[in-house]
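This report refers to the structure that appears directly beneath it.
Please treat every number below as a calculation from the coordinates, not as lab data. Predicted, not measured: the structure shown is a model, and the values here were computed from it. All Cβ positions, even for glycine, are placed from backbone atoms using ideal geometry, and neighbour counts span all protein chains on display.
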């Protein structure tokens, strides 16, 4: 019996609008079994290997390194034997939709997590040029709607139809264009500023070109966007942690025995949660319309971790419910995972507020960039003894410099200052945390 | 001195005049160049329209004869072919005159002459009297169509005609060989047979109308097999000897006779060739392939961005109803609209008796492309309407995507199949699945019902047929 050709397509990527092919693992003529990895994708969160759903011989590879693909794009065509034809099932989702499951990647690198709403807004209107030869024959829309889409330069593949059997109606198209426009107006997806000039550095001396790491490239885009689109204010402050440090040092021997590294950071995390409870709108996000605040009833904190490849921000969940040693434990584990590139996308999602601590290195203060969709981030610098005027005399106190960047659309200046004062008070006497 | 224009359209067939009129309506200054004195191209003058006029006459004659079975006897008709041709020509004149008027009211300037590119912005038009004019244009639309292919070994003889000659009805008695069992050959065979000619058809492939599925063609094949003298499939003509008493034809192939046969006339209908090679396109830098076709993008643009091409000259299928929307798109793109030729399907119709029509994916094509499909077939023997017009041999077949249940194609054979197929074209464009069509109430009793009934056959909800066990006729 004749062999049938079958397309192997990109599986549902769980909302990621498009991903880049960074590796093609098969070539025409290769015999592949079900679940043989065929390509490696990189999304804004992670890299993942995509396995084939059907066995057969690779007939044609339709993608190359650097291609952007979306759900349903054909990756390869294979010749399937008749025997496997009956086994042909719709392509299963290999990246878990349920985040709890572990991801079948070999290695996962990741960066500052990004919420789904932003991923969707990243669906940029495709310029009409690319539509010229693109067939819309697979799209469920009538000829009138297809023509309108061509005129507007909209790729109908990115619209979910609301008509019977998901037919794309004219109204769906209008709604899509409206939402894209409102995002443009509200600043999301704003066109980049004029391009920076190209400079030939070799004129000035010997140079060498080095590629940015993947994490740096990806996080760079997020940082640029967050920096440009969120009105940042950074409030500086100092917390007297003399008593806290005394307590920590006193516990150190005992903790070392339990192999727990009780760092100042875990105290800061607890203090931040206490302050978030008092200032709930700092534990919030703006919704997509920019008109409502999403108030969070949970306390997940992102902690920036420096890795050789760049910065990642794993999230510690339910900090309010965990003790200091538990937190210290988890922090150590997560940092280790981050350095070994073992963080899953889920472990970098869902944060309410981030902490970036450079206290181990030095410096007096810095202005951290808010990790969207959070509305505030705390920068922690190196503590040092300073003379503090108390009761008519200068006393040496261990002072911790704090830098709180907040989204001025959500937090106003007075509250920013109140937050940092509250946080400092929490750290001044950690017994306050019990209140 | 040269004539200046914004848009020039070469060829005034359905594609060309549509392009010219649309461009004019969108505010462009347009010149339409036509080499013949009568506008309308092959379709209006020597194609679709005159052939349908003659087919109408043939149909009435046949139906009158068939009515004898119902107890209604007409006398044998006397046929005045001269008058019939005059009537046909009057239909053509009405339409071509209409095109001329439509050009006039739109202020589209019509030039009668042969167009040749001399540069990428100039065309030389040679008039009948030998006078030459240069037309300077900003944009051009090439709509030069196609011409009948001739077989190289055929001798020069007035008894050997092509589709154009056949429409003159110079002689309708005796016997005629039709070379080519495609749409054009069989339509003319229908006319000549009814008017009294003995017909023999020779076709290279293993079925007549090779583009359609065999089951759809079969009712037509059965009917004409009984009426025509011979149908030679998988056969070809190798030699034609013109003698005074007749044309002696030598065949080769499975179904063909060993000895040469004598015919009074030969109609050569073996296909059409694109006219891209007739306009000196190289002078404009437009690429023409060795079959005369000009490649275009989905906006009908050739390799030269300000020169467009539409209709037969850009590729198959060579159909007026493909050329017209293409012409519209070209004109609209020139006028700055972001339009594309984006049709999901184009129907084909053979106006034979019975008519054969198909649209979208055929079963042959689905098999070749490994598309997983199912079908719903409704035989007209179970249609009250078909029986009441005395024609039960028809068939309506829907080709359905097995996974989505969307209708992706159809084949219909029977009287009026050409009218019926449009519903399926709409269903395909709108992405209807079989259930949508089955649930659409079709008037009873009509032939259009057979489409809904075919959908019901697929759905397994049919009550007008009894289909034990098997829910649907699955193929795959």
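For region A:307-435, what is the relative contact order in percent, using Cα pairs closer than 8 Å and at least 6 residues apart in sequence?
17
Just round it to a whole percent: the fraction of Cα-Cα distances in chain B exceeding 34 Å.
Taking all Cα-Cα pairs of chain B, the fraction more than 34 Å apart is 42 percent.
Taking just the C-alpha trace of region B:1-157, give me its Rg and Dmax in Å.
Answer for region B:1-157, Rg first and Dmax second: 20.7, 72 Å.
Quick one: order B:423, A:245, B:254 by neighbouring beta-carbon count within 10 Å, fewest to most.
B:254, A:245, B:423
Please tell me the relative contact order of region A:215-434 in percent, rounded to the nearest whole number, where contacts are Cα pairs under 8 Å and at least six residues apart.
30
I'd like the per residue volume of the convex hull spanned by the Cα atoms of region B:160-270, given in cubic angstrom.
For region B:160-270, the hull spanned by Cα atoms encloses 91 Å³ per residue.
Roughly what % of Cα-Cα distances in the protein assembly as shown sit above 49 Å, to the whole percent?
On the way: 179010 of 414505 pairs.
Cα-Cα pairs of the protein assembly as shown separated by over 49 Å account for 43 percent.
Roughly what % antiparallel, to the nearest 5, for the DSSP beta bridges in the protein assembly as shown?
Percentage antiparallel, nearest 5: 70.
Could you list, bin by bin from short to long, the percent of Cα-Cα pairs of region B:137-212 in 10 Å steps?
16, 44, 26, 9, 5, 1
For B:78, A:77, what's the fewest-to-most ordering of other Cβ within 10 Å of each Cβ?
Least crowded to most crowded, the residues run B:78, A:77.
How do B:313, B:42, A:260 line up, fewest other C-beta atoms within 10 Å first?
Ranking B:313, B:42, A:260 by Cβ neighbours within 10 Å, fewest first, gives A:260, B:42, B:313.
Does region A:215-434 classify as rounded, prolate or oblate by the C-alpha gyration tensor (a ≥ b ≥ c root eigenvalues; a/c under 1.5 gives rounded; else a/b over b/c gives prolate, otherwise oblate)?
oblate
For the peptides B:448-461, B:128-141, what is the packing order when you average, over each peptide's residues, the other Cβ atoms within 10 Å and list the highest mean first?
Working: B:448-461: 23.2, B:128-141: 16.9.
Top of the packing list down: B:448-461, B:128-141.
Considering every residue in A:149-157, what mean count of other chain Cβ atoms within 10 Å of its Cβ is obtained?
Values: counts 3, 7, 4, 1, 1, 0, 0, 0, 0.
Averaged over the peptide's residues, the number is 2.
Just the Cα atoms of region A:163-282: what Rg and Dmax do they give in Å?
Final numbers for Rg and Dmax: 25.4, 70 Å.
Defining a contact as two alpha carbons under 8 Å apart and six or more residues distant in sequence, what relative contact order in percent does region B:348-474 show?
Relative contact order here is 28 percent.
Distance between the C-alpha centers of region B:306-367 and region B:393-451? Whole Å please.
Rounded to whole Å, the Cα centres lie 20 Å apart.
What fraction of the DSSP beta bridges in chain B is antiparallel, stated in percent and rounded to the nearest 5?
On the way: 50 of 83 bridges.
Bridges in chain B that DSSP calls antiparallel: roughly 60 percent.
Roughly what percent of Cα-Cα pairs across region B:348-474 reach past 23 Å? Display every interim value, and only then the final one.
Working: 1906 of 8001 pairs.
Counting pairs separated by more than 23 Å, the tail of P(r) holds 24 percent.
With just the Cα atoms defining each centre, how far is region A:272-301 from region B:189-252? Give it in Å.
82
How crowded by other chains is B:336-343, given as the mean number of beta carbons from other chains within 10 Å of each beta carbon? Don't jump to the answer; show the numbers that get you there.
Working: counts 0, 3, 10, 3, 12, 0, 8, 3.
Mean number of neighbouring Cβ atoms from other chains: 5.
Give the distance, in whole Å, between the Cα centre of region A:25-41 and the Cα centre of region A:326-363.
If you average the Cα positions of each part, the centres end up 35 Å apart.
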